[in-house]
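Colleague: Below you'll find the structure I mean.
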Amino acid sequence: MNSIDINNLTFKYGETAIVDRLSLNIREGSFISIIGPNGSGKSTLLKIIAKNLLPQEGVVLINGKEVSRYKAKDLAKEIGVVPQDTLVSYDFSVEDIVLMGRYPHLGKFQQNSLRDMEIAKEAMIKTNTWHLRERNINEISGGERQRVIIAKAIVQEPRIILLDEPTSSLDIHHQLEVLELLKNLNNKLGVTIVAVLHDMNLAARYSNEIILLNRGMLIASGKTQEVLTVDHLKRAYEMDMIIETNIYTGTLQVHPIAIKNRAKKNKSLRIHIVCGGGSGKELIQALYDGGYKLSVGVVNEGDSDWHIAKLYDIEVVEEVPFSEISPSSLEKAKLLADAADLIIMTDIPIGWGNIKNLEILREQLQDGKTVYYFKYPQDKKYDYTGGNGLEVLKNLKDMGLKGVDGIEKFLELLNKRG
């Protein structure tokens, strides 16, 4: 019996179909990743499976029973959910949060038993959160909180765990740690893992099956090597890809190399991006796909942000790696910013090599131009100038620098602007 059957599923916001007549099977005991471009319906699909959203058409069956017919407590025994947003609006200890996962197994007014405590302890040890058990959930880092919520899902002892971008707030070490943990749950206990992953290469490394979506429709589903093909990925991402076998892991590895086509309507808005160190890759991609006129700088030659700007033939001001920004490079970047309609700075770490980029923001604010910056995650170290960067940033905020919570929020602001 399939763990999850999805039949002719459609979900709309207004007249826009986010999930469009989707039908597929998720096999019991599989480790399956859902991938696809932004806006392809990945997170929405998870929410429908978890009964957090109700589709306008179609049904989801868990072990042959419609999700809509499950009582909340019974569904929690079948499915554990790890959402993308792990913020908790109340103050509890980490241990209390994890123990909440035992709620579906407790009777009315029943307290946690020694066995419940042992299950919680084991889950926290597996997720490397046991040492945090007495800490307040809102006083730990975003990455730590992510692992706590995964531990909470584990102690539910579900047959299925749904995860929405479980590695998005983790460094590479903890990304691998979490995915190895999920793989062990899948291999040793037969838990079905369904994860939305942004990174195709992590999906290829850990998933035995993949669902590829685009604009709410199914491009392909099945074994990883059958879905991750050049033709399938071109259709979904509208980019040329190189796919090879990683010599170290033996798994497929995807390398985007060029835009397939760009038939989107060009927008007149010109945006200058201050980024570096890979912090601007996704933003550059999203804005380029949106048809905006872009410029970038100052970034180091050979930087990954520099590479993607060059790939898309975006005007970029470059500097020699491991050196401070020169007056000539800074002046070139200021001219590009002058020509732009608005400026956006990513959550780039600030060091002595790039602190002069903040002068670009200051001059644009003095000229009355709109300038945004990506708010820094609370647990991210980004000032390597002994506090000078922080002080400049504070002054810029006083001048009107506007914080925005990432790419999606920034795109929303642009859409409202027209």
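The values are calculated or read from the model by the stated rules, or taken from the named source; none is laboratory data. This is a predicted model, so every value here is computed, not measured. The protein model used for the area step is the full one, side chains on, heavy atoms only, and it has no ligands, DNA or RNA in it. Shrake-Rupley method; radii C 1.70, N 1.55, O 1.52, S 1.80 Å.
Colleague: Could you let me know the centre-to-centre spacing of segment 273-342 and segment 99-176, using Cα atoms, in angstrom?
Modeller: Using only Cα atoms, the two centres lie 40 Å from each other.
Colleague: Which order do Met117, Met345, Met200 take when ranked by solvent-accessible area (1.4 Å probe, heavy atoms of all protein chains), largest first?
Modeller: Descending accessible area places them as Met117, Met200, Met345.
Colleague: In addition: In what order, largest first, do Asp171, Asp20 sit by accessible area if the probe radius is 1.4 Å?
Modeller: Asp171, Asp20
Colleague: Hey, another quick one. Given the pairs Lys375/Lys409; Lys121/Lys188; Lys375/Lys397; Lys71/Lys188; Lys293/Lys332; Lys332/Lys369, which span a C-alpha to C-alpha distance of over 21 angstrom in this model? Could the numbers behind the result be given before it?
Modeller: On the way: Lys375/Lys409 11 Å; Lys121/Lys188 19 Å; Lys375/Lys397 11 Å; Lys71/Lys188 28 Å; Lys293/Lys332 17 Å; Lys332/Lys369 18 Å.
In this structure, Lys71/Lys188 lie more than 21 Å apart at Cα.
Colleague: Right, something else. Could you pull out every one of the aspartates and glutamates with an alpha carbon less than 18 Å from that of Lys126, ignoring same-chain neighbours closer than 8 positions?
Modeller: Of all the aspartates and glutamates, those that pass the test against Lys126 - Cα under 18 Å, at least 8 places apart if same chain - are Glu95, Asp96, Asp116, Glu118, Glu134, Glu144, Glu157, Asp171, Glu177, Glu180.
Colleague: In the set (i) 23.2, 71; (ii) 20.7, 72; (iii) 33.7, 120, which value of Rg and Dmax of the Cα atoms in Å was calculated from the structure you see?
Modeller: (i)
Colleague: Just read off the accessible area of His105 with the full protein assembly in place, 1.4 Å probe, to the nearest 10 Å².
Modeller: Using a 1.4 Å probe on the heavy atoms, I get roughly 70 Å².
Colleague: Which distance in Å, rounded to a whole number, links the C-alpha centroids of segment 45-92 and segment 352-418?
Modeller: The distance from the Cα centre of segment 45-92 to that of segment 352-418 comes to 37 Å.
Colleague: Would you calculate a helix-derived [θ] at 222 nm for the chain, using -39,500 (n - 2.57) for each DSSP H run of n ≥ 4 and dividing by the full residue count, to the nearest 500? Display every interim value, and only then the final one.
Modeller: Details: 15 runs with 149 residues, N = 418.
Here the helix-only value at 222 nm equals -10500 deg cm²/dmol.
Colleague: Residues of segment 1-100: accessible area per residue at 1.4 Å, in Å²?
Modeller: 49 Å²
Colleague: Accessible area per residue of segment 287-418 at 1.4 Å probe, in Å²?
Modeller: Per residue, segment 287-418 has 50 Å² of solvent-accessible surface.
Colleague: Kindly work out what percent of the DSSP beta bridges joining two residues of the chain are antiparallel, to the nearest 5. The partial results should precede the final answer.
Modeller: On the way: 28 of 65 bridges.
Expressed as a percentage, antiparallel bridges in the chain total about 45.
Colleague: Roll a 1.4 Å probe over the protein heavy atoms and report the accessible area of Glu408 in Å², nearest 10.
Modeller: Accessible surface of Glu408 is approximately 100 Å².
Colleague: A further question on this structure: Which order do you get for Asp240, Asp341, Asp164 if you rank them by accessible area with a 1.4 Å probe, largest at the top?
Modeller: Details: Asp240 45, Asp341 65, Asp164 10 Å².
Reading off the accessible areas and sorting them downward yields Asp341, Asp240, Asp164.
Colleague: With every protein chain left in place and a probe of 1.4 Å, what is the accessible surface of Glu315, to the nearest 10 Å²?
Modeller: Taking all protein chains as shown, Glu315 has close to 100 Å².
Colleague: Counting only protein heavy atoms, what percent of the accessible surface of the chain is carbon or sulfur at a 1.4 Å probe? Spell out each step's value before the answer.
Modeller: Working: 9870 of 20310 Å².
Summing carbon and sulfur atoms, their accessible area is 49 percent of the total for the chain.
Colleague: Give the relative contact order (percent, whole number) for the chain; include only Cα pairs under 8 Å separated by 6+ residues.
Modeller: 13 percent
Colleague: Over segment 270-416, calculate the relative contact order: mean separation of alpha carbon pairs under 8 Å at least 6 apart, over the residue count, as a percent.
Modeller: Value for segment 270-416: 22 percent.
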